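Structure, as structure tokens:
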């Protein structure tokens with residue numbers, strides 16, 4: 001089968017930042033499905049891993065990354081019960097295994113969902129990783145309850161990015177929260193509103209002042225999809241007592257937790273890979289979440305966040321998709337159709 | 001009325017570390033009850049505030065602290081609906097107001113509960129502050145569900161202290177968790193077992209090794225009642241993926257949150273005073289929790305954590321109670337009966 005990978009962590013513009021190669025099509029065992037991949041979408045984790053995984057020395061074999069995928073089940077392992085050959089599926093993968101930048105991929109059925117019927121392949125592949133991340137943050141960690149949380153608010157930092165775009169929709173449609181997103185350009189502001197944000201504030205201005213202007217000087221929940229350290233002090237000030245901050249970004253330096261103490265604040269890390277990485281008992285929760293997202297997309301509650309479609313599974317297109325993602329200015333999701 | 005307070009933050013052994021004085025009995029308005037105080041119990045917050053509140057200059061009026069109290073409702077404000085004159089009550093107070101080291105005290109009915117009928121005044125006064133802290137940590141923050149959390153474990157750091165003693169009972173009896181407490185002396189180990197701990201491990205030894213020995217190398221939840229910084233690295237290693245750490249202790253330096261990222265860990269501060277300090281919408285939750293604790297004490301599900309009873313509301317007894325608390329070796333709770 002054909003795959004695209006890298007042996008060295010190189011700037012994306014260099015010739016060998018990605019290389020195409022032939023490799024043996026794997027055989028599924030246990031809970032694994034063998035999926036014939038039809039599309040990928042790219043997330044920040046893609047270029048972060050590409051930039052770091054082979055930084056010190058060249059790898060013997062090319063490393064295949066890529067997580068979001070849509071495809072068709074080609075064959076199944078002996079323990080598989082949720083899918084059968086021919087099923088159309090979508091998933092966000094497992095960071096410990098070979099990725100979806102390949103014609104075929106093995107994937108544990110417990111982290112795979114049914115592809116939304118009413119969406120094109122390209123529209124569908126935009127969803128899994130960001131959808132799982134936003135869903136887990138809102139409903140597994142914060143445990144937003146649309147009844148009990150009536151009238152509560154969430155601030156979404158980086159509303160127009162991949163995760164932000166689906167988080168706005170989920171917070172609004174499923175969480176029934178007042179959604180405040182950050183964006184600074186005319187097109188990103190418009191996009192956030194289109195996703196359903198009640199308010200869009202400019203993160204280049206003073207966030208506290210911007211919040212005051214819209215009558216929400218404090219918020220119950222904050223989803224940080226951009227820069228934990230940079231927003232830390234601001235977040236400690238604008239989060240309401242008993243509030244909850246969730247971040248996906250990581251931090252390079254220790255942070256002063258004491259600033260959150262008097263308000264009894266909760267902080268959570270959301271990493272979509274935790275369940276598969278640690279093979280947690282509730283790993284199949286991702287199967288359920290993906291199927292729920294699928295339903296919500298099919299019935300029109302949610303819409304795809306796909307903005308750019310690149311046609312053809314080529315080194316050139318993968319480089320292009322990474323380029324767009326690395327710019328940090330990407331809106332929604334960038335998709336490669338095989 | 002008689003009250004005991006301080007004008008200077010002095011070492012407890014100094015003559016004026018506490019002074020007795022006469023002051024006007026206050027009048028209740030709004031949601032306030034005027035309570036004739038019958039007993040106090042002392043917590044670490046008592047000596048922390050005494051040591052810091054008048055450190056720089058002498059106060060004009062003595063500051064009255066003290067939080068845990070049992071007493072009888074003497075009169076009520078116009079908005080009071082939950083209690084009537086003559087009711088026996090218990091509560092943990094409000095850090096922004098004058099304390100319970102006084103013959104009479106004003107207290108908002110929304111943070112007051114019914115005194116357990118089957119407990120003596122001294123037994124009852126041991127409970128409110130520590131009970132609210134442990135209850136909020138387990139059931140409002142971690143949101144332990146005895147059904148869903150079946151088989152899960154909690155590590156309680158400082159099991160024999162005031163909060164630890166009631167937390168062990170609540171985690172076991174209400175949470176149905178496997179409870180591992182830390183203690184190092186023969187009497188504290190015995191006490192933790194008596195409170196219901198399934199295992200007691202020695203915090204002077206390597207916690208990770210101690211946990212391995214009892215077959216629980218990782219735990220789902222950790223309650224830190226002693227030293228967040230000191231245990232930070234250990235906690236990041238022994239907490240299970242998707243686990244939850246709650247601390248009440250504060251930290252003097254920034255902490256490396258990144259160590260918790262791959263496991264998608266949640267960290268919460270629990271401060272029992274948050275609800276009253278910020279007058280949160282759900283402030284009356286403390287009324288409900290105290291009444292629930294009262295029921296559980298009356299029906300024998302929980303038992304009082306009182307260990308030392310000092311008779312008489314005197315400067316001498318208050319100094320003695322602070323002395324015991326400051327030693328850091330206190331087991332359960334120390335009570336002053338008026």
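The values are calculated or read from the model by the stated rules, or taken from the named source; none is laboratory data. Just so we're clear, the structure is a prediction, and the values are computed from it rather than from any experiment. FYI the Cβ positions are ideal-geometry reconstructions off the backbone, even for glycines, and counts take in every protein chain you see.
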Query raised in the report: Just to be sure, is residue B:330 within 10 Å of chain A (Cβ to nearest Cβ) and under 17 Å from residue B:157 (Cβ atoms)?
Result: no
Requested in this report: Working only within the range B:115-134, note down all residues that are crowded, with 24+ Cβ neighbours inside 10 Å and more than 15 Å from residue B:226 (Cα to Cα).
Outcome: B:115, B:116, B:124, B:125, B:126, B:127, B:128, B:129, B:131, B:132
Query - Which listed residue is touching a strand residue (DSSP E or B) at 6+ places or on another chain (Cβ under 8 Å) and part of a loop (DSSP other than H, G, I, E, B), from B:200, B:144, B:154, B:179 - result: B:144
Requested in this report: Considering every residue within the range B:209-218, establish whether at least one is modelled with pLDDT of 95 or more and within 14 Å of chain A (Cβ to nearest Cβ).
Outcome: yes
Query raised in the report: What is the one condition in (1) in contact (Cβ under 8 Å) with a residue 40 or more places away in the chain; (2) in a loop (DSSP other than H, G, I, E, B); (3) within 19 Å of the chain's Cα centre (by Cα) that residue A:149 does not satisfy?
Result: (3)
Requested in this report: Check B:227, B:288, B:282 and return the single one that is more than 20 Å from residue B:167 (Cβ to Cβ), more than 7 Å from chain A (Cβ to nearest Cβ) and in contact with a strand residue (DSSP E or B) (Cβ under 9 Å, 6 or more places away or on another chain).
Outcome: B:282
Report summary line: Among the residues of the range A:240-265, the number that are in a helix (DSSP H, G or I) and more than 8 Å from chain B (Cβ to nearest Cβ) is 1
Query raised in the report: Among the listed residues B:104, B:91, which satisfies the condition of being within 21 Å of residue B:293 (Cα to Cα) and modelled with pLDDT of 95 or more?
Result: B:91
Report task. With the condition kept exactly as written, say whether any residue in the range A:266-279 is more than 12 Å from chain B (Cβ to nearest Cβ) and not in a loop (DSSP other than H, G, I, E, B). Result -> no
Query raised in the report: In the range B:290-316, what count of residues is obtained for those that are buried (at least 21 other Cβ atoms within 10 Å of the Cβ) and assigned to a helix (DSSP H, G or I)?
Result: 4
Report task. Specify which of the listed residues (B:155, B:138) is in the same structural domain as residue B:213 (by TED's automatic domain parsing), over 23 Å from residue B:206 (Cα atoms) and either modelled with pLDDT of 95 or more or crowded, with 23+ Cβ neighbours inside 10 Å (or both). Result -> B:138
Requested in this report: Being away from every other protein chain (no Cβ under 14 Å) and on the phi > 0 side of the Ramachandran plot narrows it down to one of A:126, A:158, so name that one.
Outcome: A:158
Requested in this report: Have a look at B:332, B:328 and point out the one that is under 20 Å from residue B:161 (Cα atoms) and at pLDDT below 95.
Outcome: B:328
**Report entry** Residue that is nearest to residue B:140 (Cα to Cα), among those in the range A:261-279 that are in contact with a helix residue (DSSP H, G or I) (Cβ under 7 Å, 6 or more places away or on another chain), surrounded by fewer than 23 Cβ atoms within 10 Å (Cβ to Cβ) and without any contact (Cβ under 8 Å) to a residue 40 or more places away in the chain
**Finding:** A:263
Query raised in the report: Among B:310, B:255, which is the only one that is assigned by TED's automatic domain parsing to the domain that holds residue B:175 and free of Cβ contacts under 8 Å to residues at least 40 places away in the same chain?
Result: B:255
